[in-house]
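Following: one structure in structure tokens, then a few remarks.
The values are calculated or read from the model by the stated rules, or taken from the named source; none is laboratory data. These numbers come from a predicted model, not from an experiment. In this analysis, Cβ positions are derived from the backbone assuming ideal geometry, glycine residues included, and neighbour counts consider all displayed protein chains.
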Amino acid sequence: MARMGLSTLLTLLLTAACASPVQADALARLFRHMESDFRTINAWPYPHVIPDRQSVRTPFDIMTQNGRRRQNTLGEYHFQRDTADVTEAGWQKIRQVILKSPPQYRTVFVQRSADPSETAARVETVKKIAAQFMTEGGLPQVLVTNDGPAGWPADRIQTIDARYRDSAPDPRLPAPKKES
């Protein structure tokens with residue numbers, strides 16, 4: 001079996017040596033393709049591992065970006081009603097995004113309101129407040145988003161917490177166990 005393969009290879013080499021330049025070029029391409037196929041087959045599955053890993057990581061990267069955007073979004077309850085003024089919670093949120101986030105994630109998102117002029121006024125207000133906190137690296141980006149922030153207004157959370165505390169039973173120690 002090995003002798004037959006060796007004789008075939010020798011025949012091909014002799015044919016290549018005696019062939020015209022056009023046939024020699026075609027034969028050289030054939031050998032290059034054979035070598036490439038040999039290396040690809042012997043390297044399997046490693047050429048396919050990196051694209052597979054990237055395809056698995058991509059959804060997680062997208063989820064991380066969406067989570068950061070929601071975390072850094074100022075919603076309706078971060079602004080006074082019918083004005084572009086920021087509430088205390090909004091001011092604290094801007095401060096937290098700028099001072100606590102890594103530099104590459106210091107983008108503040110403002111939830112789009114029904115009125116485009118109100119949205120523009122809110123963006124300008126956020127830019128002015130953000131300028132107060134910046135010490136180096138320039139102003140952060142302030143972008144408009146359709147998605148709302150994660151969370152609820154503080155008064156709703158306070159109401160839920162108060163009702164939970166009111167419904168808790170009085171603390172009591174268990175009755176002592178009688179010794180037998």
| Does Phe31 qualify as being outside the structural domain of Gln141 (by TED's automatic domain parsing), loosely packed, with under 11 Cβ neighbours inside 10 Å, without any contact (Cβ under 8 Å) to a residue 12 or more places away in the chain and not small (Gly, Ala, Ser)? | no
| request: Scan Ala168, Ala162, Ala175, Ala120 and give me the residue that is among the small types (Gly, Ala, Ser) and within 24 Å of Ala84 (Cβ to Cβ). | output: Ala120
| query | Could you list, in sequence order, the residues of the stretch 137-180 that are outside any helix (DSSP H, G or I), surrounded by 11 or more Cβ atoms within 10 Å (Cβ to Cβ) and not polar (S, T, N, Q)? | reply | Leu139, Pro140, Val142, Leu143, Val144, Asp147, Gly148, Pro149, Ala150, Gly151, Trp152, Pro153
| said: Restricting to the stretch 41-78, and then to whatever is of a type in the set (A, V, I, L, M) and in a helix (DSSP H, G or I), can you tell me which residue is modelled with the lowest pLDDT? | reply: Ala43
| request: Inspect the stretch 103-123 for any residue being assigned to a loop (DSSP other than H, G, I, E, B) and in contact with a Pro (Cβ under 9 Å, 6 or more places away or on another chain) and give the result as yes or no. | output: yes
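Of all residues being without any contact (Cβ under 8 Å) to a residue 12 or more places away in the chain and polar (S, T, N, Q) in the stretch 105-136, which is farthest from Thr64 (Cα to Cα)? Just the residue, please. Please lay out each step first, then the result.
First, the residues of the stretch 105-136 that are without any contact (Cβ under 8 Å) to a residue 12 or more places away in the chain: 114-117, 120, 128, 131-132, 135-136.
This time we only want the ones that are polar (S, T, N, Q), so: 117, 132, 135.
Working: Ser117: 31, Gln132: 28, Thr135: 27 Å.
Among those that are without any contact (Cβ under 8 Å) to a residue 12 or more places away in the chain and polar (S, T, N, Q), it is Ser117.
Looking at the structure I just gave you, is Val123 within 30 Å of Trp152 (Cβ to Cβ), in contact with a helix residue (DSSP H, G or I) (Cβ under 8 Å, 6 or more places away or on another chain) and in the same structural domain as Thr145 (by TED's automatic domain parsing)? Walk me through how you get there before you give the answer.
Numbers: within 30 Å of Trp152 (Cβ to Cβ): yes; in contact with a helix residue (DSSP H, G or I) (Cβ under 8 Å, 6 or more places away or on another chain): no; in the same structural domain as Thr145 (by TED's automatic domain parsing): yes.
No, not satisfied.
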| message | Would you confirm, using the coordinates I've provided, whether Ala120 is modelled with pLDDT of 90 or more and surrounded by fewer than 17 Cβ atoms within 10 Å (Cβ to Cβ)? | response | yes
| note | With criteria (1) under 26 Å from the mean Cα position of the chain (by Cα); (2) at pLDDT below 90; (3) surrounded by 16 or more Cβ atoms within 10 Å (Cβ to Cβ), Met134 comes up short on (3)
| field | Failed item in (1) among the charged types (D, E, K, R); (2) in contact with a strand residue (DSSP E or B) (Cβ under 7 Å, 6 or more places away or on another chain); (3) closer than 18 Å to Asp155 by Cβ, with Arg112 passing the rest | value | (3)
| said: Residues to consider are Arg95, Arg112; find the one that is over 15 Å from Arg81 (Cα atoms) and of a type in the set (Lys, Arg). | reply: Arg95
